[in-house]
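Have a look at the structure below before the remarks.
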Amino acid sequence: MSPRLRNCSLDQPFLMPPSMHDWLPEKHLARFIAEVADHLDLKPILDKYSRQDNRGAQAYHPLMLVRLLLYGYCVGIVSSRELERATVSDIAFRFLAANEHPDHDTIANFRRMHLAELGKLFTQVLELCREAGLVKAGRVMLDGTKIAANASRRKNMTHEQLSKREEALQQKVAEMLREAEAADEAEDQKYGKTKRGDELPEELSDPQKRLKRIQEAKARLEERLKQTAEQAERERAEQKASGEAQTNAQKKRFYRARKAAAEQQGTINLTDAESRLMVNGNVGGYVQAYNAQAAVLENQVIVAAEVTNEAADKQQLVPMTAKIIEGLGCTPTTVMADSGYFSEPAVGDESLKGIETLVPPDRCKPGEELKEKSPRGEQAMKMREKLARPEVAAEYELRKQTIEPVFGQIKEARGFRRFLMRGAEAVRTEWRLMAMTHNLLKLYRHRMQENPAISFG
């Protein structure tokens, strides 16, 4: 007796065309992304299309491309080439693309052209989380993580190296221009003056572009060194104003640290001039990177996301608290951050009044003996007294177990360890896309597990 088996022939014809809605289970993430995308305000993107003429082939619909990008960032597929392949080989992407297959240039150009508008979708998704009851005023945890830039650390150059490279390229460009001029004269004598004489030889184009990039990098580096010197002067003034006494050993450590920081700031990357060489705290060594900031609620919903090229976090407490208030739409009850965010001026800032701020001034645990280099200012003393209370120390323990898993989900589960874009504005938007899709995943799980009846209509 032959077994009763289903037909699996690849040549099996279908009498009726299949519906794309039959391709995925009812509660699949791709269906959720499609539903959310339908309720996002894409008018700023659509308006750009309305200003174009009607010549040429029809463009892919922005809604379809937004669906692809959102789902791709959710599942850790962000490369335009990988997204193009997925619209053919992955049924979920094929569903979201409505069985279309935009090429990688189309996807990359769409992301690049509408980067600012895509970044603003973070606020809209946060509003959907608020409607679902996931965003409430309360305790907020703040932290930063290093994300590698789309640049090699070997492309870092000092001012002296840039000057030497600039001089060599100027000589090369001048020599090639002389050769081009001599060639033109020879052609004029042989063929007559049939050319304008101002054409740029193809082989000359690249050296001139490199020379321009090096000159721009030199100007950026000079401005950065000026800002670094001004920042060092402000820190000395703040330290003097706070009345902190320093031993000779502390002063030596301060100037060694300042010198090391100045040496790092004294280089610039030719590939991404706004990225910086930063210490990779997880594995040690240096990485060409940005410092990605995130502020999360106890349920791990991200309410503020920002990117800075400053390696240290101590300048981020005040501006990130302002973004937290903006994201929440109200003032949080508590803001918690690690000791890297502590400074006397930041913790005592007027804008933080009315907010319970838990930022330890020391890397040691409450109650442990203070090290010689521990801050001695008024705010540091008050913060130690506050954190020494058992109920406050227990509350502060929530920070680590809340914020660090968020970075783990983004970097480990979704594989996002390097920015695709270059430049501070571009990577800032890319980080917001990651934060937005993190929130979409939280909203999706909340909807599926807690209240499947939630809708966005």
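Some notes on this structure:
- Were the residues from E131 through R376 laid out at 0.36 nm apart, the gain over their Cα-Cα distance would be 83.7 nm.
- For E35, neighbours were defined as the other residues whose beta-carbon sits under 14 Å from its Cβ, and their charges (Lys and Arg +1, Asp and Glu -1) total +1.
- Remark: spin-label model distance R418-N299 equals 3.6 nm, labels positioned 7 Å along the Cα→Cβ axis.
The numbers here are math on the coordinates, done by the rules we state, and not lab data. Predicted, not measured: the structure shown is a model, and the values here were computed from it. Quick reminder, even Gly has a Cβ in these numbers, built from the backbone with ideal geometry, and neighbours come from all protein chains shown.
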